[in-house]
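> My questions all concern the structure below.
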Amino acid sequence: MPRVYRHPWEPPDLTIDSSRALPVACSVGRMERPRIRRACLLWAALALPALTADAIGLNEPRAFWPQIAGLGVLAAAVASARRHPVAAFGLMAVLSLLTAPALFTVSYGPALGVLALLLGLRAARVLPAAVLFVAVGCVGAAKVALVGVDPAAQWVVLTGTLLFGCVFPWLGGRYWRQSRELAAAGWTRAARLEDEQRSAEERARLRERARIAQDMHDSLGHELSLIALRAGALQVAPDLPERHRGAAADLRAAAADATDRLHRIIGVLREDDEPVPLTPAGESVEQLVARAAESGLPVRWEPTGGGTAAQPGSVAERTLHRVVREALTNAARHAPGAPVTVAAAGEAGGTTVTITNGRATQKSSPSAGGSGLLGLRTAVTASGGDFEAGPHGEGFRVRAYVPEQSTPRPPRTAAPSAPFTRARRRVAVAVGAAACAGVVLVGGAFAWYAYTETHSVLEPAAYARLGLGSTAAELAPALPDRTARDAPVERAPAPPKDTDCRYYRASGELLVSVDHFRLCFDTGGRLVAKDLIPRAGLSEDAHEEFVR
């Protein structure tokens, strides 16, 4: 329904047309449904490790409510990943730091990497992501220093996780984003080039039409001038009857009038940068002068230095032909009966032609002023020559120097700059460097983890031979040289008072929960308690059976 305004300053009617609003709302709803569906699928995929890692023993068992809170934070991060990717990654980084000081957890590690990838793909600016990475590294390092069990190993894991699990996916997302922008820019450039090509073809077509029209004007104008010249000669012939003289005068006036009208019509199509018109096939400058002399124009050819040095058919030869033809045409129109001299001097670098006419001996027909000399000046200077035209004595003189030109070579242009290509190369180098650094750091961290875990294994048979009351010095040969760093303190029974407890692994398996042994020594260094802590996931009955 149309809006109705009752006053120029009255606000428009804001009544919503339900017949139009309902389809719009439905279309918006249809657009949002796939996004919601994809977000739910992404959340389900990222929540799967968080739900299964505790059950299969990859993490220490956690209470029910921390797991639910972690899934809620993960859902909020996934929901805000499209519009606020920086905030989404920040939420997941905070959750990972709360779960583990070293940032790496099996439960939330995949989600951290995926959100870092989305951060690089959807965030246009680099600075917020860089600041966030630095903040996560600083907070993680501070937490490891304050509450870390093995700070050196945890710092290595933190650095490797930050580089390999955060920065590397972020760089991959940046590369993906730039590839999409490059593809879009390529299609836009292709469309623009097609438009430019069509415009260039249209301009070339118009220029060719203008060139043909200009050549027609110059050629026909020259021929009409010669016709008028011959008619003038007939008009003054002594043996011609009077009525024939009148017909010759009418013919001369008609030819001059036709020349002026041709000039006015074709002059509309002139361009400042028009190309050089074509030369009649096989006609040189000397032949042009001879043909004009045969038509009755009092013209004399005076070559010096071998005549023209221009090669037949070259641009210089066509330019010289145009200059001479236009000068002879002007002399026949504006100074009929005046003697004309065409001098050509060949030089090492080009040719100079000089066309000089004297004072008119016959009355010229009135004609509109033209732009032939301006066109000649443009053509000659465009070829690198010099052009002069003006009064000379009682007549007029045109002088032009045209350098000899060979077939022009296409200009060598530098390769077009490709900012997107250089950006992709830089991103690829950065991704490769981050990948190599991450592999080295993660590999070193895993090697350190494997070394510490395998060198803290106390064999069950050796554990069984340990007797209570023995001193630490007596038990030292049977104990490993290192203690377990990931001890399950929360699952162990309460230790005796005033004791120093040490934890050892019962097997050398990595990345899974294993049984642990605990040995507690009193202040005198004697063994007062030893306990077996079963691996995570055993039921209470299995635990009692295992202990027995």
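Bear in mind that the values in this text are calculations on the coordinates, not laboratory data. Small disclaimer: the values here were computed from a predicted structure and weren't measured. We place every Cβ from the backbone using ideal geometry, glycine too, and count neighbours over all the protein chains shown.
> Could you please report the charge total around Leu132, scoring K, R as +1 and D, E as -1 over all other residues with beta-carbon less than 15 angstrom from its beta-carbon?
Result for the neighbourhood of Leu132: +3.
> Turning to a different aspect of this structure: If r is the Cβ-Cβ distance from Ala124 to Ala190 and R0 is 25 Å, what FRET efficiency results, to the nearest 0.05?
In this case the efficiency is close to 0.55.
> Can you work out ³J(HN,Hα) from phi for every residue in segment 36-52, in order, using Karplus 6.51 cos²θ - 1.76 cosθ + 1.60 and θ = phi - 60°, giving whole Hz and x for Gly and Pro?
Going residue by residue, I get 5, 5, 5, 5, 5, 5, 5, 4, 5, 5, 7, 7, 4, x, 5, 7, 9 Hz, with x marking Gly and Pro.
> Name the long-range amide H neighbours of His392: under 5 Å, sequence gap of 5 or more, or other chain; modelled H, no Pro or chain starts.
Here Arg397 satisfy the definition.
> Between Glu302 and residues 5 or more places away or on another chain, which pairs have amide H atoms under 5 Å apart, with H built 1.01 Å from N, and which residues are they?
Val342, Ala343, Ala344
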